[in-house]
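Values in this text are rule-based calculations from the coordinates and carry no lab data. Here the structure is a predicted model, which is why all the values come from computation and not from measurement. We place every Cβ from the backbone using ideal geometry, glycine too, and count neighbours over all the protein chains shown.
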Amino acid sequence: MSGFGTLDWIVIAGYFVVIMGIAFWVVAQRQKSSTDYFLAGRHMPWFVVGASIFASNIGSEHIVGLAGQGSTSGMAMAHWELHAWVVVMLAWVFIPFYYRSRVFTMPEFLERRFNPTARWILSIVSLVAYVFTKVSVTVYAGGVVFNVLLPEIHIPVTESFTLDAFWLGALLTVTLTGLYTVLGGLRAVVYTDTIQTVILLIGSAFITFFGLSKLGGWTELQSICRENATNFALWRPNTDPDFPWLGVLIASPIIGIWYWCTDQYIVQRALAAKDLRNARRGALWGSFLKVWPVMIFVVPGLIGYALHQKGLITIPTKMVDGQPALDGDHVFAVMVTELLPMGLRGLVVGGLLAALMSSLSSLFNSCASLFTVDIYEKIRPKASEQHLVTVGRIATIVVVFMGIIWIPVMQRVSQGGLYKYLQSVQGYLAPPIAAVFLLGLFFKRINGKGAVAGLAIGFVAGMAKLTIQALTGGSDPTIASPSWLVAIGQYNFLFATGWLLGLSIIVVVAVSLVTAPPNAEQIIGLTYATATAEQKKENRQSWNAIDIVITVVVLGLVLGLYLYFSFWLR
């Protein structure tokens, strides 16, 4: 069964009406200050904060990319989707310091803990990273699905360019999302995220359910995957070229701590909470929602592979290193068109649109916050509140445009799989940031010079590795010699992430120890060692038994999933 019917279009149209209705209701309330625009006035309840954290994380690149990786490399990427325990760390370890400092952005927190230079570095790197790893990847993933769902769309624009479903779907969704984000700010983002979370979970669950039903159940899935157990296992031997178990253990937590605990894109939602209790509980609620992507995003990829092996669906192939291989990034779209009945196809595509739009809206608002608060306001400190809101809107539009321009470049770099591309790039960006934030909170002796040196050297080393990897990789590498340079480029990105963290830590600590300690007054309340008695009391009063129960449940579920999938093919 393929093609879209009238009912599918009605469902999708209904989704757009609801989302845009909510968005423009928020817009009608007007954004009077930068706090209103960038942090929703700091009035968000915990359930909205948690839903927005989850919806911001799960973009179309997760649905498309994780299903693709599931079909080609099994459970290898599940480690990144079992990061609910890291979100628990955000709730208990990081949020008390972030929220009490009343900052707008993570670079602003670095300035308070260290110095303005650290803030500048993180601001610029974060903006560049959003364009390279988030905006372009999210738009590209959504475009891939539209291209499979609506292959008949071809509108000639010039002799060399045809507007097909890929570009039409991507540009239309980006435009609509950008519109309500530019006008409504973070308040529009978090309220639409709450609705989109529900649609996203229901839509993706249907893919798993119908896929298993057509395949013949979970036992049949295990049987087929067991035939290729080496490639579909959660843990791989250290000789595995892509996902050695030691590399996964090293790199996955590093990327997770950077992404969930220090990245503006995620933390901004917690900063918008009405108080510390709602900020922490919102993060814990987000961690509970984060438990489920393995079952509703990775497992459908396994199901798609099994259905393909049985001849029940046909997944396209592509050439990888001169050999034909399944084109994993098309698995999700193929399953939608061939498995789901009319109406449900519209609902699942609505889930994809929810993922695409929630991630993009969060990105747009985070980029606007970073540029306006951390860069523009430093240059124009006397700018009015309304002027800052206007600048934020302009910054959003520029980031959208840059992300779209990068898509053709990213298509070449991501030949090994969309989600693997995303994690490898993040693996080179994460180590210096994670090192600086962790050391800054737990060791009061770390100073601004050490933080700046660690960030600068870590970023340069990471980008050098990424550049060499891009030039020496693929079936037609740009650089094929000398051999030592090729070896660096082909060195496993997981182990490289670990070395980059080690390098960053050594630089931060060494430079801090050979230079003067930070001013004692500057770091009061910004490290565990310098937390005041009042802060400790406030922190204790901000949680109760409910927060403990949620934490235990989340950690128990993560442990259970790890234990089950560690042995599921034996």
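Computed values, structure above
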item: Shape call, region 215-332: gyration tensor on alpha carbons, a/c limit 1.5; result: prolate
item: With Cα atoms, 0 to 90° folded angle of helix 448-472 axis to the chain main axis; result: 20
item: FRET efficiency, residue 385 to residue 519 (Cβ-Cβ, R0 30 Å, nearest 0.05); result: 0.50
item: Under-5 Å amide H pairs with residue 273, H placed in peptide plane, nonlocal only; result: 44
item: Over the chain: helical MRE at 222 nm, DSSP H runs n ≥ 4 each giving -39500 (n - 2.57), nearest 500; result: -22500 deg cm²/dmol
item: Amide H within-cut-off set for residue 164, under 5 Å, with H built and near neighbours excluded; result: 155
item: Value of relative contact order over region 6-408, rounded to a whole percent, pairs C-alpha under 8 Å and six or more apart; result: 40
item: Additional length obtainable on full extension of the chain from residue 172 to residue 342, 0.36 nm per residue less Cα span; result: 58.9 nm
item: Charge tally in the Cβ shell below 12 Å around residue 551, where Lys, Arg are +1 and Asp, Glu are -1, residue 551 excluded; result: +1
item: Sequence of 564, 305, 191, 259 once ranked by neighbouring C-beta atoms within 10 Å, starting from the fewest; result: 564, 191, 259, 305
item: DSSP-defined beta bridges in the chain - what % are antiparallel, rounded to 5; result: 80
item: Length gained when the stretch residue 545-residue 6 is fully extended (0.36 nm per residue, less Cα-Cα span); result: 189.1 nm
item: Residues with amide H under 5 Å from that of residue 236, placed H, sequence gap 5 or more; result: 245
item: Among (i) 76, 62, 47; (ii) 81, 55, 42; (iii) 68, 58, 56, the entry that matches Cα extents along the principal axes in Å as calculated here; result: (iii)
item: Total formal charge among the other residues, if their Cβ is under 14 angstrom from that of residue 122, Lys/Arg +1 and Asp/Glu -1; result: 0
item: Packing-based exposure ordering (other Cβ within 10 Å, fewest first) of 382, 290, 537, 449; result: 382, 537, 449, 290
item: Degrees between helix 60-73 axis and first principal axis of the chain (Cα, 0 to 90, nearest 10); result: 60
item: Ranked list, fewest to most other Cβ atoms within 10 Å of each Cβ, for 287, 424; result: 424, 287
